[in-house]
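The block underneath contains the structure these notes are about, expressed in structure tokens.
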Amino acid sequence: MSKKFTLRLIIASFFCGSTLSNAQNLVQAGDFEGGLCTYPNPSNAMGPWFAPTTSTPDYLSSCNQNPSFSTPKNFNGYQVPRSGKAYYHLFVFAKNSKNSTQQREYISAPLTSSLKSGKKYCAEMYVNLANNSVLAIDEIGMLFTNGAPTCSGFSCLLSANPQVASPNGVPLQDTLNWVKVSGTFTATGGENTLTLGNFKTDLLTDTTRVKTGFGYSMYLIDDVSVRELPTASISGNTSICGGGSTVLTAGAGNLYTYAWSNGSISQSITVSPTITTTYSLVVSNGACANDTATVTVTVNPKPTASIAGNVIICAGSSTTLNASGGSSYSWSNGASTASISVSPTTTTAYTVNVSNGPCSDTATVTVSVNPMPVASITGNATICAGSATMLTANGGSGTFSYSWNNGSTSQSISVSPSATTTYTVLINAGSCNDTASFTVTVNALPSVILPLVSNICKGELVTLTASGNAASYSWSTGATGASISVSPTVTTTYTVSGTNGGCSSTAAITVILHSVSAAFTATPEKGPSALHVQFSNNSVNGVTYHWELGDGDTSNLFQPQHIYKNPGTYTIKLTVTNSYGCTDVYYSTVTVEDIPSLYVPNAFTPDGDGLNDLFAAKGVNIDPACFSMWIFDRWGNEIYRTGDLNEGWDGRAKDGKDIAQMDVYVWKISYRELDSLQPKKIIGHVSLIK
């Protein structure tokens, strides 16, 4: 029908949650999209929706070219569809003196499938009070029936109790926002049609005036849905053992969302509680309500199996094995009691399964069967004092433990008694044991005596003799016998081993070689008669020295001097003796030459010691009136001159003012022999040595 004004409906949201696309909507075209876009706009312009009465609700869509029936602006004001581009407009109430009462409009639609008896469903729609409404009412409902309800006339009232309605007493007066009306209900079964509208009489309809004017109430309807509610259930093993886990699975299906009490949102969860724990599950289809289920997972303590008892027995014996840790027992030998008595003939493993409710544990023990030991001891029964011997206990075949009277628990022990001693061992194999004894006789070591040191001279032969009570002796040189003779070239230590009755002792002596070495030099080794010779002693390790100078003279000085007056060759002998009486001899020669008519030395030492301090020519048959001598340095400078045959150069230059440096100088001599009266000139070199 045409209206002179528009209404906007505000409906409070209550009871339901938000719609999710994964729950099936049983309402076809609940968003009112895809209807006819022509005017006049019949009430069934949005199939499958239709008017169940002769009233004419309005289908408003932005595709309609008539601005009065478009969206968001139309004859009733301005409102954007909640979704899409279309919504329905319903006249739900009128209160005035010009028209009859009970003025209503309804819209209906078939459901995609009939509702199931006893099943819960969630229904929801969004309403908005039209802008031009004067009155707001407190209830708009959703009625589910088997077939569409009918009545005729604009004032036709479908009086019924809708399964879902907005809260009674709360006016729906929001003209700006879409407000959700939702709720849950249990179907009686067979409902296949949904009808929307005001199902109360005028008398029961509570109204609120929102503006002045004629008393009409009109609402906009959008996004209608009906969904079956989930039924929560949990499956899985609810009795586990400590340390175990179980998988809990929600049974509502995969079109729902899940919220477990442990925070998981999966359909299945794996839990491993340490104590008995209750888990809750909330299943939602994303529509009006949820369903909840709980399950308690019982945690049974896991038994700890153990076996106690003697696990080492002798052949022919028995032992009792005691299992613990649970309430029932099952042994590998078929027994079902906690304790069993076994008599194995060989080493045997026994396993018990210990149960505690659904939980179990196993333990295994091996009973070793040992033969009765037959104790014996092997080892060296006779040893030398200070030596050791290994004693080994034997009990036969099997596994044994050992206990010696010296406290050792090893099978073998090393002993070094100082006197003859008896050793005892206890050999155990479980409760089986036997003992054995063994006496170790200790023989005394022979005495071997040697002096610690022997002192000899180079080349000397010494005899070393061992004494004591040894029956035989063996030396480090390879020789045998009590005595050996040695002549070492260096200090040497000799060892002797004396043996008596299988035992031996050793002794050592060090033969110290005390060497002495004689050596000397003569300066000069050659010269004219009245030759003054200085002897330099280069001997080593000497304490006394004896010189035989070759001309019959001797000296005991360390470094003597001697003048040889007559020409000839003299052999000098030096005998050196050390503190141990060892001697060494060294020989050398000195030659005294015949003096020619003139002899000139080749070196002198002007050091003021009274020996060889002057450089002078010596000669016979020389005319002293015809003698001259000049000394020149290496640059040809004259540094000394004399005409006296008996005068010598003392090593000074510049008329005796300076001492000449150590160097080789050139001399020139002019002389005449008395017998021949022939003048002669000679030139030579002299070394000045400091």
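The values are calculated or read from the model by the stated rules, or taken from the named source; none is laboratory data. Model, not experiment: these values are computed from the prediction. Cβ sites come from the backbone with ideal geometry, for glycine too, and all protein chains shown count toward neighbours. The accessibility values were calculated without ligands, DNA or RNA, using every heavy atom of the protein model including side chains. Shrake-Rupley method; radii C 1.70, N 1.55, O 1.52, S 1.80 Å.
One table, with the values for the structure above:
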| quantity | calculated |
| --- | --- |
| Karplus (6.51, -1.76, 1.60) ³J(HN,Hα), θ = phi - 60°, over region 599-614, in Hz, Gly and Pro reported as x | 10, 10, x, 9, 7, 8, 10, x, 9, x, 8, x, 10, 6, 7, 10 |
| Where only alpha carbons of region 570-690 are counted, the Rg and the Dmax (Å) | 19.2, 65 |
| For region 599-656, accessible area per residue (1.4 Å probe, heavy atoms of protein chains only), Å² | 57 |
| Local electrostatic count at Val170 - Lys and Arg +1, Asp and Glu -1, tallied over other residues with Cβ under 12 Å | -4 |
| Bridge type composition, region 354-475 - antiparallel percent by DSSP, nearest 5 | 90 |
| Principal axis box of region 569-636, alpha-carbon based, largest edge first, Å | 62, 30, 22 |
| Lys119/Val342 FRET efficiency (R0 51 Å; Cβ-Cβ; nearest 0.05) | 0.20 |
| Charge dipole (debye, nearest 20) of region 542-609; +1 at Cβ of Lys and Arg, -1 at Cβ of Asp and Glu | 120 |
| Percent breakdown of C-alpha pair distances by 10 Å bin, ordered from the shortest bin, for region 596-635 | 23, 44, 31, 2 |
| Estimated translational D of region 412-471 in µm²/s (Stokes, Kirkwood radius over Cα pairs; 20 °C; 1.002 mPa s) | 127 |
| Distance histogram in 10 Å bins (all Cα pairs of region 265-316, percent per bin) | 16, 28, 18, 12, 10, 8, 5, 2, 0 |
| Hits among aspartates and glutamates - C-alpha to C-alpha of Lys73 under 16 Å, sequence gap 8 or more where chains match | Asp58, Asp222 |
| Isotropically averaged projected area of region 81-222, using the convex hull of Cα atoms (one quarter of hull area), nm² | 8.7 |
| Net lengthening on full extension, Thr207/Thr523 (0.36 nm per residue, minus Cα-Cα) | 97.9 nm |
| All Cα pairs of region 487-590, percent lying beyond 23 Å | 46 |
| Interchain or long-range residues, amide H under 5 Å from Gln28's placed H | Thr112 |
| Cα-based Kirkwood hydrodynamic radius, region 163-235, one decimal, Å | 15.7 |
| Rg/Rh for region 372-424, where both radii come from Cα atoms and Rh is the Kirkwood radius | 0.99 |
| Quarter of Cα convex hull surface for region 52-146, i.e. mean projection, nm² | 8.3 |
| Ratio of Rg to Rh over region 417-547 (Cα coordinates, Kirkwood Rh, two decimals) | 1.46 |
| Relative intensity, log₁₀ I(q)/I(0), of the chain from a Debye sum that treats every alpha carbon as a point, q = 0.07, 0.11 Å⁻¹ | -0.82, -1.13 |
| 1.4 Å probe accessible area per residue over region 104-258, in Å² | 37 |
| Whole-angstrom Cα spans of region 304-349 along principal axes, big to small | 33, 18, 13 |
| Segment Cys457-Ser410, extension gain: residue separation times 0.36 nm, minus the distance between their alpha carbons | 11.1 nm |
| Residues with amide H under 5 Å from that of Cys384, placed H, sequence gap 5 or more | Asn443 |
| Viscosity 1.567 mPa s, temperature 4 °C, Stokes-Einstein D of region 254-343 from Kirkwood C-alpha radius, µm²/s | 73 |
| Rounded accessible area of Glu228 (nearest 10 Å², 1.4 Å probe) | 50 |
| Region 288-366 - accessible surface per residue (Å², probe 1.4 Å) | 49 |
| Estimated vicinal HN-Hα couplings, Hz - region 178-190 in sequence order (Karplus 6.51, -1.76, 1.60; Gly, Pro = x) | 7, 10, 7, 10, 8, x, 10, 7, 9, 6, 7, x, x |
| Bridge type composition, the chain - antiparallel percent by DSSP, nearest 5 | 90 |
| Whole-Å semi-axes of region 126-179's equivalent ellipsoid (Cα gyration tensor) | 23, 15, 10 |
| Heavy-atom SASA rank of His685, His532 (probe 1.4 Å, accessible area, largest first) | His685, His532 |
| Spin-label model distance (nm) - Asp675 vs Ala385, 7 Å beyond Cα toward Cβ | 9.5 |
| Accessible area (Å², 1.4 Å probe, nearest 10) - Lys116 | 110 |
| Debye log10 I(q)/I(0) at q = 0.14 Å⁻¹ for region 495-542, Cα point scatterers | -0.61 |
| Region 317-377 and region 153-218: distance between their alpha carbon centers, rounded to Å | 82 |
| Rg over Rh [alpha-carbon atoms, Kirkwood Rh] for region 149-192 | 1.03 |
| Theoretical FRET efficiency, 1/(1+(r/R0)^6), r = Cβ-Cβ of Ser266 and Asn310, R0 41 Å, to 0.05 | 0.15 |
| Region 624-690 - Debye-derived log10 I(q)/I(0), Cα point model, q = 0.15, 0.17, 0.24 Å⁻¹ | -0.50, -0.62, -1.06 |
| Built amide H within the under 5 Å cut-off of Gln173, gap 5+ | Ile10 |
| Region 541-597: proportion of alpha-carbon pairs further apart than 18 angstrom, % | 39 |
| Dipole magnitude of the chain about its Cα centre (Cβ charges: Lys, Arg +1; Asp, Glu -1), debye to nearest 20 | 4040 |
| Directionally averaged projected area (convex hull, Cα atoms, region 211-250), nm² | 7.2 |
| Rh (Kirkwood; distinct C-alpha pairs) - region 198-336, Å | 21.6 |
| The chain - percent of accessible surface contributed by carbon and sulfur, probe 1.4 Å | 50 |
